[in-house]
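The values are calculated or read from the model by the stated rules, or taken from the named source; none is laboratory data. Just so you know, these numbers come straight off a predicted model, no measurement behind them. Because the Cβ atoms are built from the backbone with ideal geometry, glycine has one as well, and the counts that use them run over all protein chains shown. Protein only, heavy atoms only, side chains kept; ligands, DNA and RNA dropped before computing areas. Shrake-Rupley method; radii C 1.70, N 1.55, O 1.52, S 1.80 Å.
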Amino acid sequence: MQDSNASQNQTRLQAFLAHCGVASRRASEQIILDGRVTVNGSVVTELGTKVGPEDKVCVDGKPIHLEARKCYVLLNKPAGFVCSSSDEKGRQVAADLLRDSYKERLYNVGRLDMYSKGMIIFTNDGDFAAKLSHPSSQIEKEYIVETSQDVSEETARLLEKGIRIDNVFYKCVRCQVLKPRKIKIVLIEGKNREIRKMLESQNIGTRSLVRVRIGNVNLDDLRPGEHRDLTPREVQGLIDLAQSN
């Protein structure tokens, strides 16, 4: 491993992993802390470590390399798939739906829980993922939710005002009642199971939850399990939204 000041071409290890398509920068930090990364044969667990072009970096014993092509992929995730690089419980992983079409290592930007459906963006561009994932990005995410009980206008306004559940504050940007048991919700945060928890706090169950929009990108007629490349205009639009906020 080279000295940290030896070369301007050096990169922080977690950023290098992200640029190689291993995982997002934040997830790469955990991979390093778990002792799964070696540099020139030595296990490295320090996040500040820098690597250069001559260093040999391995994850779980497999060499990784920077990928020349940057990929930006939209997947319509079906229910029953988890958003992680692998799953210790043997559940189906959303990224597996892309493996036949992309040789690059792609990871998801954000996530949906196993029972939710709809839009997930995958990439191997660490900078792009970091911009979209940063809390300041404030990119809107829109969901269509079918419920097991009626949702009143009063409840919709309450969700917009915000509610505290188990000492955590949840709030949506907009909640529109489409039918008594069908609503459209827009979020800018994305806490774990946020919509389900808000509805459950009002004794309302969730029958179906589909993410249909992320910023300037819409799901449109993409069917469950299908994917497509984002257009350059869509990619730039997402970056512009993240930076403007």
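Observations on the model:
- Counting only residues that are open to solvent by less than 20 Å² (accessible area, probe 1.4 Å) and either assigned to a helix (DSSP H, G or I) or aliphatic (A, V, I, L, M) (or both), segment 114-131 holds 6 of them.
- Single residue of segment 212-226 satisfying the filter (assigned to a strand (DSSP E or B) and touching a residue at least 40 places away in the same chain (Cβ under 8 Å)) that is nearest to Q149 (Cα to Cα): V212
- Unmet requirement for L106, which otherwise passes all of (1) among the aliphatic types (A, V, I, L, M); (2) in contact with a Phe, Trp or Tyr (Cβ under 6 Å, 6 or more places away or on another chain); (3) within 20 Å of D220 (Cβ to Cβ): (3)
- Qualifying residue in segment 232-245 (condition: more than 18 Å from the chain's Cα centre (by Cα), under 21 Å from G110 (Cα atoms) and either crowded, with 16+ Cβ neighbours inside 10 Å or hydroxyl-bearing (S, T, Y) (or both)): yes
- Residue check, V145 in contact with a strand residue (DSSP E or B) (Cβ under 9 Å, 6 or more places away or on another chain), over 22 Å from D229 (Cα atoms), open to solvent by less than 30 Å² (accessible area, probe 1.4 Å) and in contact (Cβ under 8 Å) with a residue 40 or more places away in the chain: yes
- Where a residue in segment 123-137 is within 13 Å of L17 (Cβ to Cβ) and in contact (Cβ under 8 Å) with a residue 40 or more places away in the chain and its partner, wherever it lies, is hydroxyl-bearing (S, T, Y) and in a helix (DSSP H, G or I), with Cβ under 9 Å and at least six apart: G126/S28
Residues checked against (1) assigned to a strand (DSSP E or B); (2) out of contact with any strand residue (DSSP E or B) (no Cβ under 7 Å at 6 or more places or on another chain); (3) closer than 25 Å to Q236 by Cα:
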residue: E54; (1), (2), (3): no, yes, no
residue: R69; (1), (2), (3): no, yes, yes
residue: L74; (1), (2), (3): yes, no, yes
residue: L112; (1), (2), (3): no, no, yes
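- Here K62, K89, K56 are screened, and the one residue that is within 22 Å of the chain's Cα centre (by Cα), surrounded by fewer than 16 Cβ atoms within 10 Å (Cβ to Cβ) and more than 21 Å from R228 (Cα to Cα) is K89.
- Restricting attention to segment 8-46, the residues that are more than 22 Å from F122 (Cβ to Cβ), open to solvent by 80 Å² or more (accessible area, probe 1.4 Å) and outside any loop (DSSP other than H, G, I, E, B) add up to 3.
- Tally of residues being at pLDDT 95 or above, open to solvent by 20 Å² or more (accessible area, probe 1.4 Å) and under 16 Å from the mean Cα position of the chain (by Cα) across segment 175-215: 3
- All positions within segment 172-211 that are of a type in the set (K, R) and assigned to a strand (DSSP E or B): R174, K179, K182, K184, R207, R211
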